[in-house]
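Novice: Below: one structure in structure tokens.
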Amino acid sequence: MITLGCTKTLGDQIGIKKLQPYENQFPSIKSWHAGFKYINRRKCILFTNDMTLYSVFLYGVKKKERYDIKNTFMKYLSESFINEGIELSKCINFVDFENDKLEIFKTHDRSVLGSMNDYWRLITYYCEMEKYIKTGAENTIFPCELNKEINRTPMQCSKNGFYPIKKLHEQIGVK
């Protein structure tokens, strides 16, 4: 089961007015947070893994994609892995794209929310440069280059900083 801690603004955007509190106190590799913001008058969603801080950013999300958040998340997470050159068969312990259920809760980890705020500032900066939001394919909301860039941003959650992409590779056993 994948848990998704949504901010109140994202909950409103996906049609959930009352988000349930998250009961489990310990982070899991299948635990994610998601937030919503407007950038350049476009609706954007950021998904961030609680343990690795690996993130998937979507730019210009349409209403039907917001209301079908599970399929949107799974589709663009798999696209993100492919974009990174990771075989989906290696990611089964991390996320089982066919069998995992998605449960939506309130946000529950302020450390992850703080990292997401850092990502939002960085993304806003990168969205000013057109090369990062060009996607190459028509009608896609997944800016490949921008997603690669944010996952190669050093994060300082402790004395020892790390790169989210490297931490993801450690978790799923990819070298």
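Here, each number is a calculation from the coordinates, and none is a lab measurement. Model, not experiment: these values are computed from the prediction. Don't worry about glycine lacking a Cβ; one is built from the backbone with ideal geometry, like all the others, and counts go over all protein chains shown.
Novice: Whole angstrom only: what separates the Cα centroid of the range 41-66 from the Cα centroid of the range 76-112?
Specialist: With the range 41-66 and the range 76-112 each reduced to a Cα centre, they are spaced 12 Å.
Novice: Determine the distance separating the Cα centre of the range 1-31 from the Cα centre of the range 143-157; give it in Å without decimals.
Specialist: The distance from the Cα centre of the range 1-31 to that of the range 143-157 comes to 23 Å.
Novice: Expressed as a rounded percentage, what relative contact order does the chain have, with Cα pairs under 8 Å and six or more residues apart?
Specialist: In percent, rounded to a whole number, it is 26.
Novice: Further, regarding this structure: On the first, second and third principal axes, largest extent first, how far apart are the outermost C-alpha atoms of the chain in Å?
Specialist: Each principal axis gives a Cα extent; for the chain these are 41, 39, 34 Å.
Novice: Past the 27 Å Cα-Cα mark, which pairs from LYS62/LYS90; LYS62/LYS167; LYS43/LYS70; LYS43/LYS166; LYS18/LYS101; LYS64/LYS106?
Specialist: LYS62/LYS90; LYS62/LYS167; LYS43/LYS166
Novice: Report the local net charge at MET116: Lys and Arg +1, Asp and Glu -1, summed over other residues whose C-beta lies under 11 Å from its C-beta.
Specialist: That sum, taken over residues with Cβ under 11 Å, equals 0.
Novice: Helix-only mean residue ellipticity at 222 nm, the chain, DSSP H runs n ≥ 4 weighted -39,500 (n - 2.57), per residue, nearest 500. What is it?
Specialist: After summing the helix terms and dividing by the residues of the chain, the value is -10500 deg cm²/dmol.
Novice: Excluding THR48 itself, calculate the net charge of residues whose Cβ lies under 11 Å from the Cβ of THR48, where each Lys or Arg counts +1 and each Asp or Glu counts -1.
Specialist: -3
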